[in-house]
Each structure stands twice: as C-alpha cells, then as structure tokens.
Amino acid sequence: MLKLRRQNQKTKKSLEVAAKQAKRTAKLALAGPVVVKEKVKKVKVVKEKVKIEAVEKVKKVKLTKEELGKQDMKNAKADAAKKSAS
C-alpha cells in the first residue's frame, strides 16, 4: 500500500515538473531571441591616503669640536664601565 502511494507521488511529481518545463520553454519561445546586456565594469574608487605633515623635519646640524669632544668623553666612560663590569 505504502509502496504504491510513494510510486504514485513520484510519477505525479515528475509529470508536474515536465509540465512546468514545457510552460517555461513556451514562454521563452514567445519572448523571441535573447538580448544579452553588456556588462559594465565598475570603476574602483581608490581612496588616497592623507599624509599628515604637522611635524617638519629638522636638518641635522654638524656638531662643533667642543660638542664632539663631550660625546667622545661620554662614550669612553660608558665603554670603561662596561669593561670593568664584565
């Protein structure tokens, strides 16, 4: 009983599907030839990064002989401290 019912449902479904497909093809035939629209590519909008130039770069100034001497003294003391620590 159940087997016959399922079989009947399958045949009924397949007939309905065939009818729908026939209807669709008839509708397409009435519409005529298909006009294909050309695809228009969208132009990508590139956001420009805004550079922040609030801080201006300062040119390096050459140190005087006196300042160079002070730096050498500091470096020499630091090197001596490292050598004595190790």
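Data for the structure
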quantity	calculated
Average silhouette area of the chain, convex hull of alpha-carbon atoms, in square nanometres	23.7
Residue 41 versus residue 63: modelled label distance in nm, points set 7 Å from Cα along the beta carbon direction	5.7
Solvent-accessible area, 1.4 Å probe, carbon plus sulfur percent, for the chain	60
Extended-chain gain in nm, criterion 0.36 nm per residue less alpha-carbon gap, residue 29 and residue 77	7.6 nm
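The values are calculated or read from the model by the stated rules, or taken from the named source; none is laboratory data. Bear in mind the structure is a predicted one, so any value in this text is a computation, not a measurement. Every residue, glycine among them, receives a Cβ derived from its backbone with ideal geometry; neighbour counts consider all protein chains shown. What goes into the accessible areas is simple: the full protein's heavy atoms, side chains included, and nothing from ligands, DNA or RNA. Shrake-Rupley method; radii C 1.70, N 1.55, O 1.52, S 1.80 Å.
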